Amino acid sequence: MKNIVGVALVTLLTSTFSMAQEDRKIEQAIKHRQAAFTLMATYWSRILQTVEGTRPYDPDAVIIDARKVEYLSRLPWEGFVAGSEKGKTKAKDDIWLDEDQFKKLAKDLETKTTKLVKEAELKDPKKLKVAFEQARNVCSTCHKEFRKK
């Protein structure tokens, strides 16, 4: 009888530890993607201000910001793991229901941010604005489809 109780207790503790570990992984995944999006928004806002004319045009600074956005645009996706639709997140369940569309938009953002860097390097504000708007459109589409309000 003692053996059965002991085995049951070990099983319970192991499964509880395992569940807690999984919860931490999910929590870390959510924090990872939120941090990437927060950082991306910082540099994105600088470019937006430049494009809108509320920040002086400094082509070298724009290139640096565009490169950061390009790099950061590749980071959030690994944070969208199964189970991370629960918790403190604005991600809709649709991400996991229409994963192909979500991955397509993620790839589109990566492509558009690469184009943004190339246009920024040309140091032509008009071309920068077009590339920025194209990348922003991908963001807007993804937010409409996959982000809770």
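The values are calculated or read from the model by the stated rules, or taken from the named source; none is laboratory data. Worth saying up front: this structure is predicted, and the values here are computed from it rather than measured. So basically every Cβ, Gly included, is an ideal-geometry build from the backbone, and we count neighbours across all protein chains shown. Only protein heavy atoms, including side chains, enter the accessible area calculation; ligands, DNA and RNA are left aside. Shrake-Rupley method; radii C 1.70, N 1.55, O 1.52, S 1.80 Å.
Restricting Ala61, Ala106 to those that are farther than 17 Å from Glu145 by Cα, in a helix (DSSP H, G or I), of a type outside the set (Phe, Trp, Tyr) and open to solvent by less than 40 Å² (accessible area, probe 1.4 Å) reduces the list to Ala61.
Determine the pairs where a residue that is free of Cβ contacts under 8 Å to residues at least 60 places away in the same chain, located within region 66-86, has a partner that is not in a helix (DSSP H, G or I) and not charged (D, E, K, R) with Cβ atoms under 6 Å apart, the partner being 6 or more residues away or on another chain. So the pair list comes out as Glu85/Ala91. In this structure, is Asp98 modelled with pLDDT of 95 or more, farther than 15 Å from Phe37 by Cβ and surrounded by fewer than 19 Cβ atoms within 10 Å (Cβ to Cβ)? For Asp98, the condition - modelled with pLDDT of 95 or more, farther than 15 Å from Phe37 by Cβ and surrounded by fewer than 19 Cβ atoms within 10 Å (Cβ to Cβ) - is met.
Filtering region 110-136 to residues that are among the charged types (D, E, K, R), open to solvent by 40 Å² or more (accessible area, probe 1.4 Å) and at negative phi leaves Lys112, Lys115, Lys118, Glu121, Asp124, Lys126, Lys127, Lys129, Glu133, Arg136. On inspection, Phe102 passes the criterion of being closer than 30 Å to Ile26 by Cβ and aromatic (Phe, Trp, Tyr).
From the list Ala106, Ala66, the one residue that fits, being of a type in the set (A, V, I, L, M, F, W, C) and over 15 Å from the mean Cα position of the chain (by Cα), is Ala66. Cβ-Cβ contacts under 7 Å between residues 6 or more apart (or on different chains), taken from a first residue in region 45-58 that is closer than 13 Å to Leu116 by Cα to a second residue that is among the small types (Gly, Ala, Ser) and open to solvent by less than 50 Å² (accessible area, probe 1.4 Å), are listed as Ile47/Ala66.
Would it be correct to say that Ser140 is small (Gly, Ala, Ser) and crowded, with 16+ Cβ neighbours inside 10 Å? Taking the combined requirement at face value, the residue does not satisfy it.
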